[in-house]
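Encoded as C-alpha cells, the structure appears first; notes follow it.
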Amino acid sequence: NSVSNRMADDSKKAESGWCWTRWWWWWCCVVRRRFRDDDDAAAAAPAAIGGARKCVVVVVQRRLAIGLVASLAVASLCRVVPSVVEEQQRRYVFQTGTNRLDYYRHGIRRNHRRSFEDDGVVYTRREEGDDEARLEEKSAHETVDENANPTHEISESADASGLDYASLPRVALKGDALRCTCGAEKCESFDQPKVSFVISREFEDVGELLKVLNSIDGMVGNKGKDCEVLVNGDGLKSSSSKDEGEDGINELIRMIKHQGGFTNNLASYRNEPLERIVIVKSENGNNKNGDVMLERLVSGALAAKVRFVDNAGNIDEEAPTELKTTILKRLRAVDSSSNSFTPTSKSDVHPRVSFAVQYFKRPNLVQKIAAQLVGYAVKYNFAVEVLINDDSATEIREWQEALEQIPHAIVCAGNVHEIRGYNRLALMSRAQIVAVIQDDDLPPSEPNWLIQAEDNFYEHRKLALIAGLVGQIQGGPDTGRWGKQRGRHVKQIPYYDSKGRPFMFVSWANIGPFVLKRDAFLSAGMFHDSYSCRGDPGIGFDYEYGIRLWRNNKEVGLQIMQFRYHVGSSRASGTRSSASMKTRRDAIESRNTKLIHHVHKGFYVNHAPDGANKSPKAKAMSVKQTCKAATLPTLANRRLAKNKKDSKSGFFSG
C-alpha cells in the first residue's frame, strides 16, 4: 500500500507540474492524453516491481516533455524579442533621423563609448559637444518670451524647431593605409565644427575681410575652436583689379598664402587657404535679396551653433534683426510637406528643383551645362536654382554670367571634393528635390526626367533616391546591371512606371545624376564623409547611400534621364587625369568596397561577384535566399509588373 501511495503521489505531482504548460502548444494536449492513459493503467496494476518501473518511465517522459516545451518557448522568445527590438530601433531612426550608431551592428549597445572596433571596422562617435549644443539651443527656444518683439525673439541657433541633419559615426577599416593624414580628431573638427561664424554683410575690400578672418583665427579660448566661417562674397573686389567676384576670391586666397596661412583656429593641415572658410556668391551680384543669401549661409552651416560677425569683426550673440522669424524657423527643417517651403520675398519664385553641381576646372563645359539648366526655367517655365561647389575656385565669373537669368549660388570651400561638396549644397538647397549632377555630364534639353522623378516621388512615398545612369541588384530574379545602355554588360530597364516610362527599383546605383528627396537625404545623414578624406574622391559613397536607404525603410529607383556622359575631355581633369591619381582612385574604390561590406554586413551581400549580368546562379536564387538589400527592391518591382510601356512618354508635358 505504501508503494502504491507513493506512486499515486508522484503521479499527482507530475500531473500538476505538467498543467501549467497546457496553453503553449496545441500538441501538448495530445501528449498529455497519452500519459493519462498510461497513468490509469499504472494505477490499476499491482504494486509490483514492473508496475513501479512503468510509473518511473511515465514520470521521466513527462519531465522530458516539460523540458522540451520550455526549450521551445525560450527559443521562440530568443527569435522574436531581437526582431521586435530591431524594429523599434529602426522606427526610432526613421522617425527622428538619429542615425549616429543606431543602424550599425552592435551600435545601440555600445554607443556610450567614444569609439569601438567591430569585425574589422572602427566606429568613432561624434563629439558629445554637438548634442549638448543642440539641447542648449532647443532649451533656449523653449524659454523665449512669447511677448517679445518678433524681430528680436530669434536665438543664435540655425534652426528654431530644434531639428538638424543626422550626423553619422565616422567609420574606418582597421589598419587602413589610406586613412586621413590629419588624424581623427582634427578631421572631426573640420567636418563637424562646433560653431559656424557667419559674415552675412558684404565686404568690398579683400584686406578688410582678411582682418576679420584673422581676428577669428586669433580668438582665445573655446569660442573659436573647431569652427568654420561662412562669408557673403557678393561684393568682394580685388584691390588690384576692377573685376569683381573671381578676382576678389582669388585675391583673398593669394593674401592668405602670402601671410603664411592661418596659425590657430583657421589653420589647415594640408596648406589649403580656405580649409575652414566657405565663400558664397549669389545671383544678382549685389545681394539684392538679402534674405536668400542669409538663408543660404545659415542653412549651409555644419554646426549646431551659428554666430554672426559684423564688418568690424565683432561677434553678435543674436541673429540680425533683418532676418525674418518665419525664414529662420524653416532652415534645414526635415519636413516632407511642401507647405513648409515658402518664398523669402514677394519677388522670389521658389524652385521646384535645386541643382547641386560639383565643379573642378572644366571651362569648356560651363556654358553648355548652364544653357541647358537656364532653358528649363526660361523655355519650359520649370522653376530651378543652381548651386555650384567650385573646388578649383575658377570660372566663377563665367558661371555667374551664364546663370544670371535664374537663381544660383557659387560656393568656394577649399577643394573638399564631391562628398562634402554635395552635402553642403543640399543643406543650402531651397527646394524639396535636389538633382546632383557632375561637371562632365550634360543634361538633356527638356526637363522630362525631372517631371518623371516628381511623379514617382509622389506615387511611391518611400522613394528617396532616383538614379539616372546604372543600378544593380545582385541576387534573385531581378539580378542585373540595369540602366542607360553603354556596353554589353548593361541591360535596359525591364519595368515601367504608371505612365509607361522606364523605371525600376534597385539595391544601389551609380551617381551622375542623382535626384534626391531632400528631407530623406538629411534625415539619413547625407553622403557619408568617412568614404574619402578632404580633397579625395569618394568612390563607392553612392553605393553605400543606396544600401543605407533600404536599411532605413526607404527605396531607391532607377530611370533613364537621357544625359550625355563624360562630355569633352573629361579625363583631362579629375581622378583619371594622371597615373598617380588613377592609382589612388582605384585604391580608394577597393578600400570603400570592403568598408561597405563590413558596415552593412548581414544586410548586404554580393551574390554575383563575377558581375550582375554574368551570374546565372545569382539570378536563379529566390527572394528567400538573398540578402535584404537584394530582396527589398525585388519585392518592390512586383508593384511595377502590371505597368506597360508608353511609346509617347518621351514628349514634354510640364
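Only a single criterion out of (1) in contact (Cβ under 8 Å) with a residue 24 or more places away in the chain; (2) basic (K, R); (3) over 30 Å from T626 (Cα atoms) is not satisfied by K462, namely (3). Going by the structure shown, is N214 more than 23 Å from G535 (Cα to Cα), modelled with pLDDT of 90 or more and of a type in the set (S, T, N, Q)? So N214 passes the test.
Summed over segment 410-450, residues that are in contact with a Lys or Arg (Cβ under 7 Å, 6 or more places away or on another chain), part of a strand (DSSP E or B) and under 21 Å from S268 (Cα atoms) total 1.
Quick check: anything in segment 425-435 among the polar types (S, T, N, Q) and open to solvent by less than 10 Å² (accessible area, probe 1.4 Å)? For segment 425-435, residues among the polar types (S, T, N, Q) and open to solvent by less than 10 Å² (accessible area, probe 1.4 Å): present. One residue stands out in segment 600-634 among those that are in a loop (DSSP other than H, G, I, E, B) and basic (K, R): the one that is surrounded by the fewest Cβ atoms within 10 Å (Cβ to Cβ), namely K624.
For segment 180-221, a residue qualifies if it is within 20 Å of P169 (Cα to Cα), open to solvent by 60 Å² or more (accessible area, probe 1.4 Å), out of contact with any Asp or Glu (no Cβ under 6 Å at 6 or more places or on another chain) and in a loop (DSSP other than H, G, I, E, B), and exactly one does: T181.
Within segment 495-520, being modelled with pLDDT under 95, open to solvent by less than 10 Å² (accessible area, probe 1.4 Å) and farther than 16 Å from N456 by Cβ holds for one residue alone: G512.
To keep it simple, each residue is scored yes or no on (1) under 27 Å from S498 (Cβ atoms); (2) touching a Ser or Thr at 6+ places or on another chain (Cβ under 9 Å); (3) not small (G, A, S).
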| residue | (1), (2), (3) |
| --- | --- |
| Y543 | no, yes, yes |
| R551 | yes, no, yes |
| S578 | no, no, no |
| M581 | no, yes, yes |
| I596 | no, no, yes |
| G611 | no, no, no |
| P633 | yes, yes, yes |
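Looking at segment 574-594, is at least one residue in a loop (DSSP other than H, G, I, E, B) and modelled with pLDDT of 90 or more? Within segment 574-594, not a single residue is in a loop (DSSP other than H, G, I, E, B) and modelled with pLDDT of 90 or more.
The values are calculated or read from the model by the stated rules, or taken from the named source; none is laboratory data. Worth saying up front: this structure is predicted, and the values here are computed from it rather than measured. Counting neighbours? That spans all protein chains shown, and the Cβs are built from the backbone with ideal geometry, glycine included. In case anyone asks, the SASA skips ligands and DNA or RNA and just uses the protein heavy atoms, side chains included. Shrake-Rupley method; radii C 1.70, N 1.55, O 1.52, S 1.80 Å.
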